[in-house]
Every structure is written in C-alpha cells, then in structure tokens.
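Here the structure comes first, spelled out in structure tokens, and everything after it is commentary.
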Amino acid sequence: MAGFENTVLGFIGAGNMNGAILRGVLGQGLVAPDQIWLSNRHAEKLEPFATEGIHTTTDNTQVATQADLIVLGVKPQMFPDVLPQLAGLTEGKCVVSIAAGISSDALRSALPGTLVVRAMPNTPLMVGVGATAVAQAENVPADLFQTVLNLFSAAGAVAVIKEEQMDDIINVNGSSPAWFFRMADVMVRRAVSVGIDAQTALTLTAKTMEGSARLLLESGKTPEELCRQVCSPGGTTLASLSAFEERDFDGLMLDAMERCTRRSKELGK
C-alpha cells in the first residue's frame, strides 16, 4: 500500500476504534510511530502509545496543527465541543469521521475548507479483521481518497458506498458485532447450565461463528442456501429453527436494524 510516505497521521480520541486503526497501519508498516500524533482528554490513555514512540497530547489543536490526515474518533455527542477547537486548523487537510450520524455536509460546514471523508468501521478492526464502509467523497482527490481506504484496509475489508446509505450501513457492519456477541453469550450460558465447561463452549461457539463466516464468504452460496444445507429433514437444526419462526426472528432483526438507523439519524441532528 502506498500513500503514507510523507503523511503525518493524526488521531483525535484514543478509544478502541482509533487504537485499532492506528495499530493496523503500524502493524502493516505503512507508517512509523513518529509519523503519528494522538490526542485524548485523559492522559493515562495515551501512556501505552507514548512508550511506542507515538506523539501524544491532551490538546486536540496540536494534532490538527501537526497532522495532514486526521481521524476523528470521538463520540457524536462530543462533536459540538471538539469541532470548534479544530476550525481554522484543518483547511486543506483531510478529516475522516468515524462517528455515527454526523453527515459530511455538517462536517464541512463546521470545518470550512476541509476535505471530509465519512467512514463506519467496526470493532473487529481490533484483531485485524474489521469491516469498514467508506462514503464516496467526490470533492476529495482520488489519490487522497485511496490513502483513506488504505488506512482502513490495513485492519480488514473496506467497501465504498453512497453517503446517503451511511445511516443504514451502521446496522450491517457497525452495530452488528454486538448482536453476534449477544447470541454467543446466550449459547455459552445455556451450555454452562447443562454442565459444559465455559471455555469449551466459548471456543466452539466462536470457532463455529468464524467458520460460518468463512463459508458464507467463500462457498459462493447465499445465506439461505447455506441455512438449508445445515438442515436435515426432521433433524435437530430444523427443530431449533422452528423457534425462530414462532418468535418472528426476522421481524426482531428488522426492528433492531430500523432502531439502529433511526438512532444514527437522531445523533446527526
């Protein structure tokens, strides 16, 4: 991957997501630690990064001043406090927002003259197998936009979508890991309740999820086809899926996805 040779990267916020992106580019050797500036309001969260040679500060304006490409990794509720700090310091630079609900137009309005890219990564970036959706950004030069894509592909898969789809994509890859974790939690707790060792249940559950994901990606079959493939007539899987039908699992999922999108739109207001 190219595009980082003469680029200073800035990260505002030292939470899980920014930390995962940062470690992805370091792990791939795309940048050296001294090419990175990282800020966070709590100094103790910066200490592990500082020991690796990354420039750290509690002053967001220092990151905005030093960096060429800045990732805004703070919660949407913090944007009214953070954006005014950056105004006037990011003109001609690229700011990448990973916050739900905050539109590119809103960011450009708050940061005049800034090249804005909006992205929705997910927590599996923390282990290098994330999935990030990046909104098309016609006003951003193609080579710079590719650099942003490279930033996220260092820790997983990347897809480019339309800006107007960003509030809906969050329920596909942004919030959805929590649904899989919730399902795994139920499966493990049930196994433990009948005497199965917790670590054994967790390992088998997680590896089954991992294998199912690979099968879905590599088999060339649809989710529906793979589901049928697991189901033997009169067997245990069909018996279990009858509960999904009786409890309207599809309706539950669609409701969860709609609530996710609705909340993303509320956060942008």
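The values are calculated or read from the model by the stated rules, or taken from the named source; none is laboratory data. For clarity, every value in this text was computed on a predicted model and none was experimentally measured. Here the Cβ is made from the backbone with ideal geometry for all residues, glycine too, and neighbour counts use every protein chain on show. Note: areas computed on protein heavy atoms with side chains; ligands, DNA, RNA excluded. Shrake-Rupley method; radii C 1.70, N 1.55, O 1.52, S 1.80 Å.
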Note on CYS94: of the conditions (1) crowded, with 21+ Cβ neighbours inside 10 Å; (2) without any contact (Cβ under 8 Å) to a residue 40 or more places away in the chain; (3) in contact with a helix residue (DSSP H, G or I) (Cβ under 8 Å, 6 or more places away or on another chain); (4) more than 21 Å from GLU266 (Cα to Cα), unmet is (2)
From the option list SER193, SER175, SER212, single residue qualifying as among the small types (Gly, Ala, Ser) and touching a helix residue (DSSP H, G or I) at 6+ places or on another chain (Cβ under 7 Å) is SER175
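Taking only region 19-45 into account, find how many residues are open to solvent by less than 70 Å² (accessible area, probe 1.4 Å), touching a residue at least 60 places away in the same chain (Cβ under 8 Å) and not small (Gly, Ala, Ser).
Taking region 19-45 and keeping what is open to solvent by less than 70 Å² (accessible area, probe 1.4 Å), we get 19-22, 24-27, 29-33, 35-40, 43.
With the extra rule that they be touching a residue at least 60 places away in the same chain (Cβ under 8 Å), the set shrinks to 19-21, 24-25, 27, 30.
From what is left, the residues that are not small (Gly, Ala, Ser) are 21, 25, 30.
Final tally of qualifying residues: 3.
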Subset of region 174-215, residues modelled with pLDDT of 95 or more and touching a strand residue (DSSP E or B) at 6+ places or on another chain (Cβ under 8 Å), comes to none
* To do: Determine if region 214-223 includes at least one residue that is over 29 Å from the mean Cα position of the chain (by Cα), open to solvent by less than 60 Å² (accessible area, probe 1.4 Å) and more than 24 Å from VAL192 (Cα to Cα).
  => no
Among residues of region 175-184 being open to solvent by 20 Å² or more (accessible area, probe 1.4 Å) and hydrophobic (A, V, I, L, M, F, W, C), the residue farthest from VAL25 (Cα to Cα) is MET183
For SER109, the lone unmet condition from (1) touching a residue at least 60 places away in the same chain (Cβ under 8 Å); (2) hydroxyl-bearing (Ser, Thr, Tyr); (3) farther than 20 Å from GLY13 by Cα is (1)
Quiz item: Before we move on, is LEU226 in a helix (DSSP H, G or I) and open to solvent by less than 90 Å² (accessible area, probe 1.4 Å)?
Solution: yes
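Counting only residues that are more than 21 Å from the chain's Cα centre (by Cα), give me the strands (runs of 3 or more DSSP E) lying completely in region 1-119 with at least 2 of them. Step through it out loud before you land on a result.
Details: elements: 9-12, 36-39, 55-57, 69-72, 94-97.
Passing ranges, in order: 55-57.
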Per the filter on region 162-174, residues open to solvent by less than 80 Å² (accessible area, probe 1.4 Å) and more than 22 Å from ASP105 (Cα to Cα) are ASN173
The lone condition ASN40 fails out of (1) of a type in the set (S, T, N, Q); (2) under 22 Å from VAL140 (Cβ atoms); (3) touching a Leu at 6+ places or on another chain (Cβ under 8 Å) is (2)
Among the residues of region 235-269, the number that are of a type outside the set (D, E, K, R) and open to solvent by 100 Å² or more (accessible area, probe 1.4 Å) is 3
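What residue, among those in region 47-62 that are acidic (Asp, Glu) and under 24 Å from ASP81 (Cβ atoms), is least open to solvent (accessible area, probe 1.4 Å)?
ASP59
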Selection over region 20-53 where residues are closer than 18 Å to GLY73 by Cα and in contact with a Pro (Cβ under 9 Å, 6 or more places away or on another chain) yields a count of 4
Taking region 114-161 and the residues there that are of a type in the set (Val, Ile, Thr) and open to solvent by 20 Å² or more (accessible area, probe 1.4 Å), the one that is nearest to LEU26 (Cα to Cα) would be VAL127
